[in-house]
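These notes are about the structure you will find just below.
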């Protein structure tokens, strides 16, 4: 049975005082598997915070390109954290070379892991955030986002 909602109550992945707004509906990319993703609208270089304790399982911060064209889809910088409840959190559109973590590192909720950037397919500075579970053998394609 696949969960419809996240088990944990995750913390905000950006500082509350820097958050301009939360957007769950305007991105054309938030369909299908990404329908439960959330965009946190913030300025460039806003700290990105771990939303829960976990282990870093993926870090990419080598891209320095992005924009409002789908050609940039594969150029997003992102981090994935594995949580003890079997869920994962993913943080996209990170600034070039801003990661403060490495694969295998344990992080605690609220710890800064990177900075927001304009990498990948993005129309304005924001953090794309999703909580997901893996439902097949390939975590990059066989996943389901959960409501947080």
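Bear in mind that the values in this text are calculations on the coordinates, not laboratory data. Treat the numbers as computed from the prediction; the structure is a model and nothing was measured. Here the Cβ is made from the backbone with ideal geometry for all residues, glycine too, and neighbour counts use every protein chain on show.
Numbers below:
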item: Most mobile of 63, 84, 99 in a GNM of the chain (Cα contacts under 10 Å); result: 84
item: Ascending count of other beta-carbon atoms within 10 Å, so fewest first, for 39, 53; result: 53, 39
item: Net lengthening on full extension, residue 96/residue 57 (0.36 nm per residue, minus Cα-Cα); result: 12.2 nm
item: Antiparallel bridges, percent of DSSP beta bridges restricted to the chain (to nearest 5); result: 90
item: For the chain, radius of gyration divided by Kirkwood radius, i.e. Rg to Rh on alpha-carbons; result: 0.93
item: Computed lengthening from residue 33 to residue 11, 0.36 nm per intervening residue step minus Cα-Cα distance; result: 5.7 nm
item: For segment 101-148: span of alpha carbons on each principal axis (Å, largest first); result: 31, 30, 21
item: Net length gained if the chain between residue 68 and residue 21 were fully extended (0.36 nm per residue, minus Cα distance); result: 15.0 nm
item: Choice from 109, 50, 37 with maximal GNM fluctuation in the chain (Cα, 10 Å cutoff); result: 109
item: Listed residues 64, 138, 77, most fluctuating in the chain (Gaussian network, C-alpha, under 10 Å); result: 138
item: Distance in nm between pseudo-label sites at residue 137 and residue 43 (7 Å out along the Cβ direction from Cα); result: 4.8
